[in-house]
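Where a number appears in this text, it was derived from the coordinates with a stated rule and is not lab data. Just so you know, these numbers come straight off a predicted model, no measurement behind them. Cβ placement follows ideal geometry from the backbone for every residue including glycine, while neighbour counts extend to all protein chains displayed.
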Amino acid sequence: MNEQGHTDRDAKPIQRIVIAGGGTAGWMVAALMSKTLGKSLDIKLVESDEIGTVGVGEATIPTLLTFHELLEINEQEFMAATQATFKLGIGFENWRNVNENYVHSFGTTGTDHWTAGFQHFWHKGRERNLAGDYGDYCLELKAALAGRFAHLPRTGMNYAFHLDATLYAKFLRKFSEGFGVQRVEGKIVQVKADADSGHIRSIKLDSGADIEGDLFIDCTGFRGLLIGETLKVPYQDWSHWLFNDSAVAAQTESVGEAVPYTRSIAHASGWQWRIPLQHRVGNGLVYSSRYIDDEQAKTTLMAHLQGQPLMQPRVLKFRPGQRHKTWHKNCVAIGLSSGFIEPLESTSIHLIQRGIIRLMRLFPVRGICQADVDEYNQQTLDEIEHIRDFVVLHYKVTNRTDSPYWNACRSMEVPASLQHRINLFRETGRVFRVPNELFAENSWIQVMLGQGITPKQHHQSADLMGDAELSRFLNGIKANIDRTVAQLPTHQAYFQQYCGAAKV
Ligand code: FAD
């Protein structure tokens with residue numbers, strides 16, 4: 001029995017799907033849903049050219065490859081169509097302290113022993129003056145810094161993409177229409193809900209058309225037209241942990257070769273992204289309006305651009321947090337309508353993908369079942385809370401003392417789950433991945449070390465190795481990586497021959 005006294009037996013079979021919104025979220029939903037269930041469903045997507053999309057969101061993480069595998073998308077075609085480049089991680093500049101940098105790469109670092117991760121052996125190596133930087137033992141990280149890339153057949157490289165968000169939506173639109181999705185142009189002016197059940201019945205467009213559906217996917221962006229404005233699902237505000245609530249974005253001409261990683265450059269009251277694509281560079285400054293205003297942010301961004309701007313800087317406002325429920329009644333919110341942490345670790349497109357896959361697994365063909373809805377909501381919340389902790393870590397652990405912004409970040413109280421991880425690593429060097437968590441141990445270690453935590457000790461397993469053996473072990477890994485990196489082509493040369501957009 002649900003809140004209104006209806007039982008799941010009253011549930012209606014789901015046949016007509018209405019996707020409201022055609023940004024990255026809307027078209028990703030349309031693509032996977034139509035490819036998977038398109039033959040049995042009637043899928044409509046409503047979007048408004050006049051309103052447009054958020055127009056940012058161009059850095060991804062390796063899980064996007066899985067999404068493309070599900071869609072059976074050809075990588076070269078996709079990259080050419082979206083002016084994409086390869087991404088091996090994120091370079092964090094000035095985060096630990098001004099002029100101190102590190103990389104969070106997508107690779108694994110060194111080789112673990114079953115009792116203890118590689119970081120314990122590296123820690124012992126540092127104590128004994130036998131080890132280089134932690135990053136010296138990671139192929140993806142070294143290749144990123146060397147500006148090199150190739151698909152490697154045997155050892156592999158873990159990578160993602162930088163892509164043009166507008167072109168990606170277009171690419172997925174073509175794909176989805178090929179699988180029967182009907183696109184409807186128009187502005188949604190009213191959302192009609194059933195007075196008795198509270199379920200959404202239809203959305204009315206400015207043309208007067210009424211689009212009825214059984215299941216509605218809210219992809220209307222920050223506005224959350226269905227889930228928030230209509231169904232009144234509240235929003236959990238996380239701004240006490242994540243101070244940034246604004247961004248100013250600008251695109252520039254490319255200067256020099258595209259590096260295979262996102263640059264994240266910390267400033268006094270926020271951080272700047274630099275995302276190299278084939279045809280241009282995406283830039284932006286993410287900041288907290290508590291510390292600087294929009295004009296100051298624009299000035300800071302413009303002063304740190306490389307290359308001619310291709311547009312006027314555009315300010316975006318957001319509220320870090322998450323909807324209490326992302327599936328309510330017959331409406332599922334996917335994308336920015338469901339919540340937004342902030343862009344730091346490029347997790348938003350990943351969360352869109354996770355939302356669609358989860359919905360496909362719990363798809364209510366015979367009618368909406370409350371147990372499915374509860375399961376969906378719980379899984380979504382668990383997943384995003386781990387990601388939130390990981391992002392908050394970057395702000396909490398810093399040695400910067402040069403501005404009120406960083407002082408406030410350093411001294412804030414963080415979620416207990418994150419504080420525990422920080423304490424555990426600092427005291428013992430240990431890290432454990434929580435089940436179903438996006439970021440694996442190596443991500444946590446790279447960021448915790450990178451932000452300035454040095455563990456006080458290492459596992460005893462590392463002490464069982466004598467100096468000579470440890471040195472051989474560490475040097476062997478490093479030499480292998482250096483050899484491989486030296487043989488790789490430059491990233492620029494590689495993508496130009498592999499998927500140069502001009503070829504298509
Ligand atoms: P939108 O792009 O806003 O799309 C909303 C859609 O709804 C549009 O088609 C719009 O026309 C339609 N719509 C709205 N109202 C109506 C209406 N009344 N009638 C009809 N249609 C309507 N994510 C990453 O993974 N990596 C990143 O690097 C990254 N960087 C980001 C940087 C910033 C500053 C911000 C703010 C976000 C970033 N994100 C990033 C998040 C990413 O941009 C989004 O997750 C992604 O673009 C999906 O957005 P969306 O489709 O939910 O919303």
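Within the stretch 55-83, can you find the residues that are within 13 Å of the ligand (Cβ to nearest atom) and among the hydrophobic types (A, V, I, L, M, F, W, C)?
Selection gives 56, 59, 61, 64, 67.
Going through 291, 376 one at a time, which residue ends up being closer than 30 Å to residue 33 by Cβ, of a type in the set (Ser, Thr, Tyr) and away from the ligand (no atom under 15 Å from the Cβ)?
Details: 291 fails: closer than 30 Å to residue 33 by Cβ.
Being closer than 30 Å to residue 33 by Cβ, of a type in the set (Ser, Thr, Tyr) and away from the ligand (no atom under 15 Å from the Cβ) holds for just one of 291, 376, which is 376.
Within the stretch 113-132, which residues are assigned to a loop (DSSP other than H, G, I, E, B) and either out of contact with any Ser or Thr (no Cβ under 7 Å at 6 or more places or on another chain) or free of Cβ contacts under 8 Å to residues at least 12 places away in the same chain (or both)? Reasoning before the result, please.
Filtering the stretch 113-132 down to residues assigned to a loop (DSSP other than H, G, I, E, B) leaves 113-117, 128-132.
Within the stretch 113-132, 114, 117, 128, 129, 131, 132 meet the criteria.
Looking at the structure I just gave you, is residue 391 away from the ligand (no atom under 16 Å from the Cβ) and among the aliphatic types (A, V, I, L, M)?
Working: away from the ligand (no atom under 16 Å from the Cβ): no; among the aliphatic types (A, V, I, L, M): yes.
In short, no.
Return the pair list, or none, for Cβ contacts closer than 8 Å from residues in the stretch 207-227 that are in contact (Cβ under 8 Å) with a residue 12 or more places away in the chain and farther than 28 Å from residue 342 by Cα to residues that are within 11 Å of the ligand (Cβ to nearest atom) and part of a loop (DSSP other than H, G, I, E, B), at least 6 apart or on different chains.
Every condition considered, the pairs that remain are 207/186; 209/186.
Specify which of the listed residues (174, 187, 124, 192) is more than 27 Å from residue 108 (Cα to Cα) and over 31 Å from the mean Cα position of the chain (by Cα). First the steps, then the outcome.
Numbers: 174 fails: over 31 Å from the mean Cα position of the chain (by Cα); 187 fails: over 31 Å from the mean Cα position of the chain (by Cα); 124 fails: more than 27 Å from residue 108 (Cα to Cα).
Selected residue: 192, the only one of 174, 187, 124, 192 that is more than 27 Å from residue 108 (Cα to Cα) and over 31 Å from the mean Cα position of the chain (by Cα).
What about residue 42, is it out of contact with any helix residue (DSSP H, G or I) (no Cβ under 8 Å at 6 or more places or on another chain), surrounded by fewer than 18 Cβ atoms within 10 Å (Cβ to Cβ) and not aromatic (Phe, Trp, Tyr)?
Values: out of contact with any helix residue (DSSP H, G or I) (no Cβ under 8 Å at 6 or more places or on another chain): yes; surrounded by fewer than 18 Cβ atoms within 10 Å (Cβ to Cβ): yes; not aromatic (Phe, Trp, Tyr): yes.
The answer is yes for residue 42.
In a helix (DSSP H, G or I), loosely packed, with under 12 Cβ neighbours inside 10 Å and basic (Lys, Arg): which single residue out of 483, 410 fits that description?
On the way: 410 fails: loosely packed, with under 12 Cβ neighbours inside 10 Å.
Of the residues listed, the single one that is in a helix (DSSP H, G or I), loosely packed, with under 12 Cβ neighbours inside 10 Å and basic (Lys, Arg) is 483.
Yes or no: residue 122 more than 16 Å from the ligand (Cβ to nearest atom) and either polar (S, T, N, Q) or surrounded by 24 or more Cβ atoms within 10 Å (Cβ to Cβ) (or both)?
Working: more than 16 Å from the ligand (Cβ to nearest atom): yes; either polar (S, T, N, Q) or surrounded by 24 or more Cβ atoms within 10 Å (Cβ to Cβ) (or both): yes.
In short, yes.
Residues in the stretch 26-51 that are more than 23 Å from residue 210 (Cβ to Cβ), within 16 Å of the ligand (Cβ to nearest atom) and not hydrophobic (A, V, I, L, M, F, W, C): how many?
So the answer is 0.
Any idea how many residues of the stretch 327-362 are away from the ligand (no atom under 12 Å from the Cβ) and not hydrophobic (A, V, I, L, M, F, W, C)?
Looking only at that region, the number is 5.
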